[in-house]
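These notes concern the structure reproduced below.
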Amino acid sequence: MITDIYNERSKPFDQGRAWVEIDLDALSYNARLINSHLDSGCELMAVVKADAYGHGAVQAAKRLQNEGVKSFAVATVSEGVQLRENGLDGDILVMNYTHPANALYLHNFRLKQLIVDGDYAKALNETGYKIDVHLSIDTGMHREGIDMSKLDEIESVFKHNNLNVEGMSTHFASSDSLNPNDIAFTEMQIQRFNTTVKTFRDKGYDVGKLHTQATYGLLNFNQSQCDYARIGIALYGVLSHDEITNTPLALRPVMSVKAIIAQIRWIDAGESVSYGRTYIADKPIRLATVCIGYADGVPRSMSGNNGECLLHGKRVPILGRICMDLLMIDVSTVDSAETGDVVTLIGSDGDEEIRCEDVASAAGTITNEVVCRMGSRLPRIYR
Ligand SMILES: *Cc1c(COP(=O)(O)O)cnc(C)c1O
């Protein structure tokens, strides 16, 4: 049943142990849903960095391209090259630092580079390669970008002969929060960005396409729609966390994570489970060992924090610490459980569902981290 499913990662001997299932129709659905929330002048820029948040950048980007998406964003130049080499022809923006020594890849593969400061622009210009760039303006996030007050530094980027400024952007620091202070902060960032854009337009510069919103900018600050919305996590059908948003979206999760049971046996009351003996049985327990662990991307921090899995359509608790390659579950309530049965770590089984948001919250993190870490070892199965 498992071995006959196509596995793009060619890890045939690992098939049947643990795997990630990717529902590309759900990805299409989410892209259409997100598009329906964008104004006609605002285009979806699909963020497919980090191997499309663990979903497989090539498969995800190609499906989105078939859905009519024309613009993509990646973090690194090699992520951009990978997409080009696999036939993606839309616009691709590289959002993180590309060493000037690799400028020829930006040029040869028609990748656009985000410019984070004046020195960096100068160094790229000096490579001699013609490169299309977008400016990143720091309006308060203080991660990257030219401080909005440094007008000369911003202006210098427009003057380089080899750099063609095609866009101007900023990134919000707390748009996922609707607490009044955070709302005020995001509104200030929007204001600062608009001021910067106006300043340079008034000076006669073509600032190109504008973009400010990531997923939560779109969901909470619809008024800041520009030429692009850089959407990542929502495309994959989950939100970063369960906080309320202004625009609720009925997204469909794209990723499920499954693994099989390697061994089942009873342990007595008083026996402990896993490293550190953090779990001690208070009654006899039917214990199953599942072939997946933190090296596969299951957050170790979920240990002891009400982490659960699904088995035969029932919720079962994870017991003790999650190991590198294995974890243990209590299957005392599932009489029919057998070695080889499929356990769902994220996804649905019968009427039950474990959402990525549930796993993220048990692990004390956000879904973005959970999905993008699933997978360097797990085969992906596309449906
Ligand atoms: C990752 C990233 C995004 C996408 O963020 P999501 O919250 O996943 O939608 C957008 N813009 C920048 C600059 C990013 O680094």
Suppose the Debye formula is applied to equal point scatterers at every Cα of the chain; what is log10 I(q)/I(0) at q = 0.10, 0.11, 0.13 Å⁻¹?
-0.71, -0.82, -1.04
What span do the alpha-carbon atoms of the range 37-97 cover on each of the three principal axes, reported in whole Å from largest to smallest?
32, 25, 20
I need the fraction of alpha carbon pairs in the range 285-352 separated by more than 13 Å, rounded to a whole percent.
60
Fewest to most neighbouring Cβ within 10 Å: what's the order for Arg380, Arg277?
Arg277, Arg380
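Given contacts defined as C-alpha pairs under 8 Å and at least six residues apart, what's the relative contact order of the range 24-236, whole-number percent? Kindly include the intermediate steps, with their values, before the conclusion.
Numbers: 397 pairs, mean separation 41.4, N = 213.
Computed value for the range 24-236: 19 percent relative contact order.
Based only on Cα atoms, what mean projected area does the convex hull of the range 245-299 have, in nm²?
Details: hull surface 26.9 nm².
If you wrap the Cα atoms of the range 245-299 in a convex hull and average its projections, you get 6.7 nm².
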Met141 versus Asn305: modelled label distance in nm, points set 7 Å from Cα along the beta carbon direction
2.4
Between Thr333 and Glu85, 0.36 nm times their residue separation minus their Cα-Cα distance comes to what?
84.3 nm
Trypsin sites (Lys or Arg not before Pro) restricted to DSSP loop in the range 114-212 with at most 12 other C-beta within 10 Å
Arg143, Lys159, Lys203
Calculate, in nm to one decimal, what His99 and Asp268 gain on full extension: separation in residues at 0.36 nm each, minus their alpha carbon distance.
55.0 nm
Counting DSSP beta bridges in the chain, what percent are antiparallel, to the nearest 5?
50
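Wrap a convex hull around the Cα atoms of the range 24-236, take a quarter of its surface area, and give that in square nanometres.
On the way: hull surface 44.5 nm².
With every direction weighted equally, the projected area is 11.1 nm².
Would you calculate a helix-derived [θ] at 222 nm for the chain, using -39,500 (n - 2.57) for each DSSP H run of n ≥ 4 and dividing by the full residue count, to the nearest 500? All intermediate terms of the calculation are to be shown ahead of the outcome.
Working: 11 runs with 105 residues, N = 383.
Per the formula, -8000 deg cm²/dmol.
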Do me a favour and compute the ellipsoid semi-axes for the range 255-382 from its Cα gyration tensor, root of five times each eigenvalue, largest one first, whole Å.
22, 16, 13
List the equivalent ellipsoid semi-axes of the range 132-228 in whole Å, largest first, each obtained as the square root of 5λ for an eigenvalue λ of the Cα gyration tensor.
24, 13, 11
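Which order do peptides 78-90, 54-66, 227-239, 103-115 fall in by mean Cβ count within 10 Å, highest first?
Numbers: 78-90: 16.9, 54-66: 21.2, 227-239: 24.5, 103-115: 19.6.
Going from most to least packed, we get 227-239, 54-66, 103-115, 78-90.
Looking at the range 72-180 from every direction and averaging, what is the projected area of its Cα convex hull in nm²?
Working: hull surface 29.9 nm².
Average projection, Cα convex hull of the range 72-180: 7.5 nm².
Every number in this text was worked out from the coordinates using simple rules, so none of it is lab data. Values in this document were obtained by computation on a predicted structure and should not be read as measured data. For neighbour counting, all protein chains shown are included, and Cβ atoms are generated from backbone atoms with ideal geometry for every residue, glycine included.
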